[in-house]
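One structure below.
All of the numbers you see were taken from the coordinates with simple rules; none came from a lab. If you're wondering where the values come from, they're calculated on a predicted model, not measured in any experiment. Neighbour counts are summed over all protein chains in view; Cβ atoms, including those assigned to glycine, are modelled from backbone coordinates with ideal geometry.
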Amino acid sequence: MVHDLGITGRVKFLGLVSDIENVYAASDIFILPTLSEAAGMAPIEAMAAGLPVIVSNAEYAGCSELIKNDEALLLDDPENPLEIANAISVLLDETKRRQFGEKGRHLAEKLTWDKTTEDTLAVYHRILELKKR
């Protein structure tokens with residue numbers, strides 16, 4: 001398809017990447033219009049790298065449960081190319097890219113493994129308290 005569209009010089013298929021931080025650093029935006037991603041870390045990693053993110057909403061992407069619509073652009077229908085194109089067009093504006101990148105980085109800084117462990121343990125403790133009653 002890339003060849004048929006005449007954009008072979010503008011698209012790179014990288015295959016398996018071991019140094020993803022370098023790919024993020026070389027990128028302008030991150031897009032994941034997924035139909036099923038239970039707990040994908042890639043959008044959060046991209047946010048941590050300061051990239052503005054376009055990702056499917058929480059119906060399709062579990063990580064989107066943690067994201068507000070002003071921290072990333074959330075897709076209601078990841079199969080709708082017009083919606084994806086509209087989201088990309090928002091991020092053509094450098095100011096918007098910077099704003100979404102900063103808000104996403106701020107969110108990602110809060111989503112640490114320590115915080116995840118804390119939250120998980122809190123749920124277990126609540127369940128144990130309910131069982132005691």
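In the Gaussian network model of the chain, springs joining C-alpha atoms below 10 Å, which of E109, E118, E45 carries the largest mean-square fluctuation?
Result for the chain, Cα springs under 10 Å: E118 fluctuates most.
Along region 53-70, what does the Karplus equation 6.51 cos²θ - 1.76 cosθ + 1.60 (θ = phi - 60°) give for ³J(HN,Hα), rounded to whole Hz, x for Gly and Pro?
10, 10, 8, 4, 5, 5, 4, 10, 10, x, 4, 5, 5, 8, 10, 8, 5, 8
I need the phi-derived Karplus couplings for region 32-44: 6.51 cos²θ - 1.76 cosθ + 1.60, θ = phi - 60°, integer Hz, Gly and Pro marked x.
Karplus-based 3J(HN,Hα) across region 32-44 equals 9, x, 8, 9, 6, 9, 4, 8, x, 8, 4, x, 5 Hz.
Highest mean first, what order results for 61-73, 32-44 on Cβ atoms within 10 Å?
Peptide ranking by packing, descending: 61-73, 32-44.
With an 8 Å cut-off on Cα pairs and a minimum separation of 6 or more residues, tell me the relative contact order of the chain in percent.
For the chain, the relative contact order is 22 percent.
If you average the C-alpha positions of region 1-74 and of region 85-133 separately, how far apart do those two centres end up, in angstrom?
Cα centroid of region 1-74 versus Cα centroid of region 85-133: 16 Å apart.
Give me, ordered by chain and number, the residues 5 or more places off L32 or on other chains with an amide H under 5 Å from its own placed amide H.
Result for L32 returns I54, V55, S56.
In deg cm²/dmol, rounded to 500, what helix-only [θ] at 222 nm does the chain give when every DSSP H run of at least 4 residues adds -39500 (n - 2.57) and the total is split over its residues?
Estimated from H runs of four or more residues: -14500 deg cm²/dmol.
Compute the FRET efficiency between A38 and L128 as 1/(1 + (r/R0)^6), taking r as their Cβ-Cβ distance and R0 = 25 Å, and round to the nearest 0.05.
Using R0 = 25 Å, I get an efficiency of 0.45.
Does region 45-133 come out rounded, prolate or oblate, given a ≥ b ≥ c as the square roots of the eigenvalues of its C-alpha gyration tensor, rounded meaning a/c under 1.5 and, failing that, prolate meaning a/b above b/c?
oblate
Each residue of region 110-116 in order: what ³J(HN,Hα) in whole Hz does its phi give by Karplus 6.51 cos²θ - 1.76 cosθ + 1.60, θ = phi - 60°, with x for Gly and Pro?
Rounded to whole hertz, the list is 7, 8, 8, 5, 4, 5, 4.
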